[in-house]
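Single-structure report; data block below.
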Amino acid sequence: MFSGSPLNRLSWLRPSHAFLNALVNSPATRWMLFNAGQPLVSARPESKNRDLAFLSTKDVSSLLGPEPFFGQGQTEGDLVALRGDGETHKEEGPLEAIRHRGPRVVFLGLLQPEGVTEALPSSEFTDPLPAVARLEGTPYFAIDVADLEGELVDRGLKESALEGVELSWSEPRAMMTALDALHGGMFAEARSLVDWNTRNQFCPACGSPTYSLWGGWKISCSAILPWWNNEGRKPCPTVKGLHNFTHPRTDPVVIMIAIDESGDKILLGRNKKFPGKFYSALAGFIEPGESFEDAVVREMWEEAGVKVWNVAYHSGQPWPFPANLMVGFYSRADSSQPIRVDLDNELQDARWYTREEILAVLNHQSGTYFSARDHKVMSSLQENRNNLQSDSNQSTGAAALAHSDPSIQAAEKPVENSIPASDMEPPFRLPPVTAIAGVLIRDWATGKIGFGASADSIVANVPRGNL
């Protein structure tokens, strides 16, 4: 889930306000809306199924503010001047597709029809209007309306609602099981970008307000604008260099399982804040000066007192809550050695489970599902830890955040009353396969990942302390 975005992001065209303005006004363009990170969803009254709502530019025009939407000059309604070369419609660095009025807008990319593989180089967009008119596909933008007046938002949504369709804001993690692969990838990109723009309203170097460039993919300090009043102030450090103090944020997190030397046991942990009897893969944020493999070794030791070796990559998963990249690994460990959870005290328990025990839970009808109450508790816990991580920029609580996030988000599955009480509860719970932790556990249990004889011979000849 959330991987494999289908959009052509056209990153080389982001600095052109002429291109972006032409794209916004295309009848084909569609918008994804958020309200403090909650996506706008649509549903018909007779159905409980919800999907992301995609609105036209006409539908959201009252929320965007006055034109121009990009390349906004000093005075409202003015367009910043283009460079004289006329080749790419780029502006000077601090003014590249500048948007400093109205809510920040993110250009997500172009969804091209199946089989269309045009490269769309910038040279084709020296005259953007006719070039955009020839585009095949659907351009997508995203916007978060949390800072707009509620009455304005409500009126705009009422006017844009299709007949017979209800629009509402949804808890974002609850969308995991409602999205298909196409919309999942688009949602992950959109939510991470609007969150990043929302969190970076002021320059950390001098405290001045920031503004948006490059269709929401770049943020700069207002102090570098040619019309900004800097009288009596020291120049902002961002005056020199790239003018963007931060790039769109992605925080890498390792999430990993340990497999014992027999290949028939797996190490899982239970965080102190987890509801019920939930066990998952261990996890933690990458620290400065670490490789992914280094972080796996460190986190396994800090959380469970377990030394691991022969670290192997499995797969990655974007996780837009707010902007993580979950990087999955599996490794070797000695199950005869004692487990310790008293080092960083994040886990309540960690233990080795056999393949038979894991398969029994995976095959149980409620083995990978949480109640609605559990879902809300964990969502609240994850938000608190996100704020801690963002504010401190430290890894304190990082592993717990990673546990509480991709490992447990799942929709509630009702249990039939006719099921005998003894069969209604599994001995413990596991993450669903919509999260990378669940995929790691499932792939091990079904024999898709593991270590063969060649790996054993390599491990035998290398000191474990060096792996």
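Computed from the coordinates by the stated procedures, all read-outs in this text should not be read as laboratory data. Since the model is a prediction, treat every value here as computed from it, not as a measurement. Because the Cβ atoms are built from the backbone with ideal geometry, glycine has one as well, and the counts that use them run over all protein chains shown.
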If I stretch the segment between Asn49 and Gln365 completely, what's the gain in nm (0.36 nm per residue apart, minus their alpha carbon distance), one decimal? 111.6 nm
Please arrange Val254, Val327 by counting, for each residue, the other beta carbons lying within 10 Å of its beta carbon, fewest first. Val327, Val254
Spin-label pair Arg199/Lys277, simplified geometry with 7 Å Cα→Cβ offset, distance in nm: 3.6 nm
What is the gain in length, in nm to one decimal, between Ala119 and Asp147 on full extension, counting 0.36 nm per residue of separation less the C-alpha to C-alpha distance? 6.4 nm
Rg over Rh of region 225-265, using C-alpha atoms and the Kirkwood radius, what does it come to? 1.53
Measure off 7 Å from each Cα along the Cα-to-Cβ vector at Glu261 and Glu356, then give the distance between these two points in nanometres to one decimal. 2.3 nm
Take Glu166 and Asn345, extend 7 Å from each Cα along the Cα→Cβ direction, and tell me the distance between the two endpoints in nm. 4.7 nm
Among the GluC sites (Glu not before Pro) in region 149-239, which ones are in a DSSP loop with at most 11 other Cβ atoms within 10 Å of the Cβ? Mind listing them? Glu149, Glu163, Glu231
Theoretical gain in end-to-end length, Leu79 to Lys234 [0.36 nm per residue, Cα-Cα removed]: 52.9 nm
Tell me, what is the FRET efficiency for Asp127 and Ser3 to the nearest 0.05, using R0 = 41 angstrom and their Cβ-Cβ distance as r? 0.70
Rounded to 0.05, the calculated FRET efficiency for the beta carbons of Trp227 and Ser56 at R₀ = 56 Å is 0.95
